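Participant: The structure that follows is given in the form of structure tokens.
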Amino acid sequence: MRGRNLERISFFAVFLGLPLALYVFFVVSPILQAFYYSLTDWSGYDANPGFIGMTNYANLLHDNLFWTALRNNAVLAVVLPVVTIVLALALATLVTVGGSSRGQTRGVTGAGVYRVVSFFPYTIPAIVTGILWQQVYSPQGGLLNGFLSAIGFDNLANTPWLGDPHLALGAIIVAIVWSFVGFYMVLFVAAIKGIPAEIYEASRLDGAGSLRTAVQITVPLIRDNINTAVVYMAILGLDAFTYMAILAPTGGPNNQALVVTQYLYSNFTTAKYGYAIAMGVVLALVTLLVSIGVLVSSRKQEVEL
Amino acid sequence: MSQPANRGDRRVSVASHTVLTLWALAVVLPLAWTFFSSLKDSRSINISPFALPQVWRWDNYVRAWNTIGVARYLGNTVIVVGTALVLVMILGAMTAYVLARFRFRGNAFIYYLILLGNTFPIFLAVVPLFFVLKNSGLLGTYQGLILVYVAYAYPFTVFFLHSFFKTLSQEIYEAAQVDGAGDWRTFFQVMLPMAKPGLASVAIFNFLGLWNQYLLPTVLNPNKNMYVLSQGLYSMASQQGYNVDYGGLFAAVVITIAPVLLAYVIFQRQLQGGVSAGTMK
């Protein structure tokens with residue numbers, strides 16, 4: 001039995017000890033350090049940064065640029081989930097139950113093609129999506145302005161979509177929505193297919209129209225999937241770093257598309273480490289609150305049902 | 001049984017097709033435009049976005065591949081993402097297996113510690129992480145980037161494989177034990193092959209996640225010769241002025257998009273099963 005024991009020790013060391021050591025070294029320890037260093041004036045390559053308590057956080061409160069960035073993140077965290085999910089849900093409904101209802105309730109013909117095509121953007125890395133839309137929006141020969149002038153909107157065809165402070169954030173939202181709708185559509189299609197067909201039959205016999213069926217039957221039955229989507233898209237809205245790096249370098253026109261992650265990164269590159277880390281802590285707390293908030297509100301909804 | 005389709009039904013069907021077709025066009029047109037632009041010279045991209053290429057400039061691809069350095073960036077990406085993917089699948093499966101199948105003190109604590117890493121955004125850790133790598137001499141090395149990729153994909157991997165290993169049959173495990181297989185052999189020869197469907201979905205997600213990664217290499221991989229694709233493309237697209245090689249840029253974008261898109265189209269049946277299985281528990 002001695003050999004068995006030795007084997008088990010080596011087994012645990014390699015199966016649990018090794019990966020955990022890696023995880024603690026690269027993930028847990030930087031997170032713990034972050035909480036400490038956010039209370040210091042760490043900058044430059046100072047080996048012993050001074051402890052300054054909550055000063056960084058107090059400075060954040062008075063930093064207009066930080067509030068601008070946080071406001072833009074809030075817009076993204078609300079608009080991205082709403083628009084993405086409404087679109088994805090509408091498309092998923094059309095694909096699964098939007099067909100001619102001769103006989104059984106069913107989807108449109110060629111549903112598979114629509115589903116496969118919609119998923120294309122999800123296979124593209126975020127930075128490449130950014131580059132693609134940077135070119136689509138380009139005032140010199142971009143696809144969008146070319147399209148607008150082709151259909152007769154010549155007065156709009158010179159719009160600098162990413163250069164106009166009123167338009168930049170909206171234009172970026174369109175790009176991000178474009179890349180995620182198909183993914184959530186595929187998830188919702190799978191969820192809707194899990195709903196027994198009889199429920200839709202019954203609803204139709206009761207004379208419910210398509211829209212009412214979608215809102216009153218589909219949505220409550222796939223609520224879990226929708227909540228997951230809300231959390232993921234809201235978290236994406238609180239990050240958005242990669243898209244902004246291309247579509248709104250240095251925060252876009254008048255910082256109208258500046259996000260916290262970008263501001264954090266620029267403080268990091270100018271060696272204001274303590275301040276940058278404090279922003280990271282705030283961002284992490286906001287992210288946690290949003291996730292918990294969605295979770296709690298979804299529990300409440302379940303009780304009401 | 002079949003009833004005649006009434007006019008309302010047909011109207012719904014036509015409306016559905018119209019909306020879905022418009023959406024499909026919104027997806028496909030930018031991609032098609034990118035492809036055609038990748039075959040034009042930079043000047044005609046700027047002048048007439050809709051015209052088909054007059055001369056098909058395949059040399060854009062040659063320039064993207066060699067001069068712009070897509071070949072090198074792609075090579076770096078394959079090394080880093082490939083190695084990290086293999087490592088994180090092995091290490092993640094091992095941890096998930098131990099936590100799902102063995103009862104010992106601290107099991108729940110370790111599980112929640114790992115979940116925690118899935119909860120916090122990377123931005124919380126990124127500045128200290130930079131110095132962790134710098135101080136251990138791993139900054140700007142393949143090994144450093146690979147280990148970081150492994151560590152950050154690890155919580156997700158453990159989380160999903162944990163529930164998968166829980167569902168595997170206890171009898172087969174016991175049978176292997178009775179046959180005298182040790183812990184190592186039981187895992188590699190009995191349990192791991194049974195977990196293949198779960199491993200496949202998690203591997204697809206990890207691949208897309210690591211292939212997509214931009215923040216970590218930007219902070220931790222400053223050496224231009226070691227850039228991964230996302231960094232290389234960024235540095236190219238963020239150049240300003242009149243000397244941007246748009247033809248080459250579009251070609252580089254197509255080279256980046258095409259392999260994964262083609263793989264998706266070929267394997268989409270298996271993949272979509274994996275997507276819903278992976279995200280829905």
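Just so it is clear, none of the values below were taken in a lab; they were calculated from the coordinates. Bear in mind the structure is a predicted one, so any value in this text is a computation, not a measurement. Backbone-built Cβ (ideal geometry, glycine too); neighbour counts: all protein chains shown.
Participant: Can you figure out the FRET efficiency of B:Ala26 with B:Arg103, using R₀ = 30 Å and their beta-carbon distance, to the nearest 0.05? The partial results should precede the final answer.
Facilitator: Working: r = 53 Å, r/R0 = 1.75.
Taking R0 as 30 Å, the efficiency between B:Ala26 and B:Arg103 is 0.05.
Participant: If one computes the Cα centroid of region A:114-151 and of region A:261-305, what distance in Å separates the two points?
Facilitator: About 29 Å separates the Cα centre of region A:114-151 from the one of region A:261-305.
Participant: What are the ³J(HN,Hα) values, in whole Hz, obtained from phi via the Karplus relation 6.51 cos²θ - 1.76 cosθ + 1.60 with θ = phi - 60°, for each residue of region A:73-87 in sequence order, with x given for Gly and Pro?
Facilitator: Result, ordered by residue: 4, 5, 4, 4, 5, 9, 6, 4, x, 4, 5, 4, 6, 4, 4 Hz.
Participant: While we're looking at this one, here's another question. Defining a contact as two alpha carbons under 8 Å apart and six or more residues distant in sequence, what relative contact order in percent does region B:122-243 show? Walk me through the numbers before you get to the answer.
Facilitator: Numbers: 57 pairs, mean separation 41.9, N = 122.
Relative contact order for region B:122-243 comes out at 34 percent.
Participant: Mind listing the Cα extents of chain B along all three principal axes, in Å, largest one first?
Facilitator: 74, 73, 34
Participant: Here is a further query. Along the charge dipole of chain B, pointing to its positive end and built from +1/-1 on Cβ of Lys, Arg, Asp and Glu, which listed residue (B:Tyr111, B:Tyr214, B:Thr95) has its Cα farthest out?
Facilitator: B:Tyr214
Participant: Also, quick follow-up: Can you pull a Stokes-Einstein diffusion coefficient for region A:7-84 at 20 °C (1.002 mPa s), Rh from Kirkwood over Cα pairs, as a whole number of µm²/s?
Facilitator: On the way: Rh = 16.6 Å.
D, rounded to a whole number, is 129 µm²/s.
Participant: Further question: If you plug each phi of region A:262-273 into the Karplus form 6.51 cos²θ - 1.76 cosθ + 1.60 with θ = phi - 60°, what whole-Hz ³J(HN,Hα) values come out, in order, with x for Gly and Pro?
Facilitator: Karplus-based 3J(HN,Hα) across region A:262-273 equals 5, 5, 4, 4, 6, 5, 5, 6, 9, 6, 8, 5 Hz.
Participant: For chain A, find the longest principal axis of its Cα atoms and tell me its angle to the long axis of helix A:126-136, 0 to 90°, nearest 10.
Facilitator: Computed tilt is about 60 degrees.
Participant: Once you compute Rg and the Kirkwood Rh from C-alpha atoms, what is the Rg to Rh ratio for chain A?
Facilitator: Working: Rg = 24.6 Å, Rh = 22.9 Å.
With Rg and the Kirkwood Rh in hand, the quotient comes to 1.07.
Participant: Something else now. In degrees from 0 to 90, rounded to the nearest 10, what is the angle of the helix B:142-167 Cα long axis to the longest principal axis of chain B?
Facilitator: The two axes meet at around 60 degrees.
Participant: Would you please give the residues with an amide H less than 5 Å from that of A:Thr40, counting only those at least 5 places away or on a separate chain, with H modeled from the backbone geometry?
Facilitator: Amide H neighbours of A:Thr40: A:Ile52.
Participant: Could you check the spin-label model distance between B:Thr141 and A:Lys300? Points 7 Å from the Cα along Cα→Cβ, value in nm.
Facilitator: Taking the two extended label points, one gets 5.2 nm.
Participant: Per-residue ellipticity at 222 nm for the protein assembly as shown, helices alone: DSSP H runs ≥ 4 residues times -39500 (n - 2.57), over residue total, nearest 500 deg cm²/dmol?
Facilitator: Numbers: 27 runs with 404 residues, N = 586.
Helix contribution divided over all residues of the protein assembly as shown: -22500 deg cm²/dmol.
Participant: Right, another one. Taking every residue in A:135-145, how many Cβ atoms of other protein chains lie within 10 Å of its Cβ, on average? Intermediate results must be reported in sequence, preceding the final value.
Facilitator: Numbers: counts 11, 5, 0, 4, 0, 6, 12, 4, 8, 2, 1.
Mean shielding count: 5.
Participant: Modelling each spin label as a point 7 Å along the Cα-to-Cβ direction, I'd like the A:Gln216/B:Ser169 distance in nm, to one decimal.
Facilitator: 4.7 nm
Participant: Restricting everything to alpha-carbon atoms, can you work out Rg to Rh for the protein assembly as shown with a Kirkwood hydrodynamic radius?
Facilitator: Working: Rg = 25.6 Å, Rh = 26.1 Å.
Here the Rg-to-Rh quotient is 0.98.
Participant: Please report, in debye to the nearest 20, how large the charge dipole of the protein assembly as shown is about its Cα centre when each Lys and Arg carries +1 at its beta carbon and each Asp and Glu carries -1 there.
Facilitator: Working: 32 positive and 21 negative charges, 177 e Å.
I would put it at about 860 debye.
Participant: Still on this model: In debye, nearest 20: dipole of region A:65-304 around its Cα centre with unit charges on the Cβ of K, R (+) and D, E (-)? Before the final figure, lay out the partial values.
Facilitator: On the way: 11 positive and 9 negative charges, 42 e Å.
Dipole magnitude for region A:65-304 comes out near 200 debye.
Participant: Please grab the % of Cα pairs in region B:48-124 that end up more than 17 Å from each other. Before the final figure, lay out the partial values.
Facilitator: On the way: 2073 of 2926 pairs.
Of all Cα-Cα pairs in region B:48-124, 71 percent lie more than 17 Å apart.
Participant: Mind listing which chymotrypsin sites (Phe, Trp or Tyr not before Pro) in region A:1-99 are in a DSSP loop and have 15 or fewer other Cβ atoms within 10 Å? Mind showing how you got there, number by number?
Facilitator: On the way: sites: A:Phe11, A:Phe12, A:Phe15, A:Tyr23, A:Phe25, A:Phe26, A:Phe35, A:Tyr36, A:Tyr37, A:Trp42, A:Tyr45, A:Phe51, A:Tyr57, A:Phe66, A:Trp67; in loops: A:Trp42, A:Tyr45.
Hits after loop and neighbour filter: A:Tyr45.
Participant: Given Cα pairs under 8 Å that are at least 6 residues apart, what percent is the relative contact order of region A:65-304? Don't jump to the answer; show the numbers that get you there.
Facilitator: Values: 287 pairs, mean separation 69.6, N = 240.
So the answer I get is 29 percent.
Participant: Next question, about the same structure. In region B:91-130, what trypsin sites (Lys or Arg not before Pro) fall in a loop by DSSP, with at most 13 other Cβ atoms inside 10 Å?
Facilitator: Working: sites: B:Arg101, B:Arg103, B:Arg105; in loops: B:Arg103, B:Arg105.
Filter output for region B:91-130: B:Arg103, B:Arg105.
Participant: With +1 assigned to the C-beta of every Lys and Arg and -1 to the C-beta of every Asp and Glu, and no other charges, what is the dipole magnitude of region B:7-59 about the Cα centre in debye, to the nearest 20?
Facilitator: Working: 6 positive and 3 negative charges, 50 e Å.
Magnitude of the dipole: close to 240 debye.
Participant: Please find the FRET efficiency linking A:Asp224 to B:Leu262, where r is the Cβ-Cβ separation and R0 is fixed at 35 Å, and quote it to the nearest 0.05. Don't skip to the answer; put the middle values down first.
Facilitator: Working: r = 33 Å, r/R0 = 0.94.
Taking R0 as 35 Å, the efficiency between A:Asp224 and B:Leu262 is 0.60.
Participant: Can you tell me the 0 to 90 degree angle between the C-alpha axis of helix B:246-279 and the longest principal axis of chain B, rounded to 10?
Facilitator: Roughly 40 degrees between the two axes.
Participant: Taking only the alpha-carbon atoms of region B:7-59, what semi-axes of the equivalent ellipsoid follow from 5 times the gyration tensor eigenvalues under a square root, in whole Å, largest first? Could you put the intermediate results ahead of the total?
Facilitator: Values: eigenvalues 262, 16, 12 Å².
Semi-axes from the Cα gyration tensor: 36, 9, 8 Å.
Participant: Per 10 Å bin, what percent of the C-alpha pairs of region B:73-173 does each bin hold, from zero upward?
Facilitator: Answer for region B:73-173: a P(r) of 14, 37, 33, 13, 3 percent.
Participant: Report, in whole Å, the centroid distance computed from the Cα atoms of region A:164-221 and region B:153-222.
Facilitator: Each part's Cα centre sits 32 Å from the other's.
Participant: With unit charges on the beta carbon (Lys/Arg positive, Asp/Glu negative), name the residue among A:Leu247, B:Ser169, B:Leu133 whose Cα is farthest towards the positive pole of the charge dipole of the protein assembly as shown.
Facilitator: Checked the options; the winner is B:Ser169.
Participant: Defining a contact as two alpha carbons under 8 Å apart and six or more residues distant in sequence, what relative contact order in percent does chain B show?
Facilitator: Values: 229 pairs, mean separation 85.2, N = 281.
Reported as a whole number, the value is 30 percent.
Participant: Could you pull out the chymotrypsin sites (Phe, Trp or Tyr not before Pro) across region B:65-128 that fall in loop regions by DSSP (anything but H, G, I, E, B) with no more than 11 other Cβ atoms inside 10 Å?
Facilitator: Values: sites: B:Trp65, B:Tyr73, B:Tyr97, B:Phe102, B:Phe104, B:Phe109, B:Tyr111, B:Tyr112, B:Phe123; in loops: B:Phe102, B:Phe104.
Here the chymotrypsin sites (Phe, Trp or Tyr not before Pro) that fit, given the DSSP loop and packing criteria, are B:Phe104.
Participant: Oh, and also: Taking +1 at the Cβ of each Lys and Arg and -1 at the Cβ of each Asp and Glu, which of A:Val113, A:Asn73, A:Ile151 sits farthest along the dipole of chain A towards its positive end, judged by Cα position relative to the Cα centre?
Facilitator: Selected residue: A:Val113.
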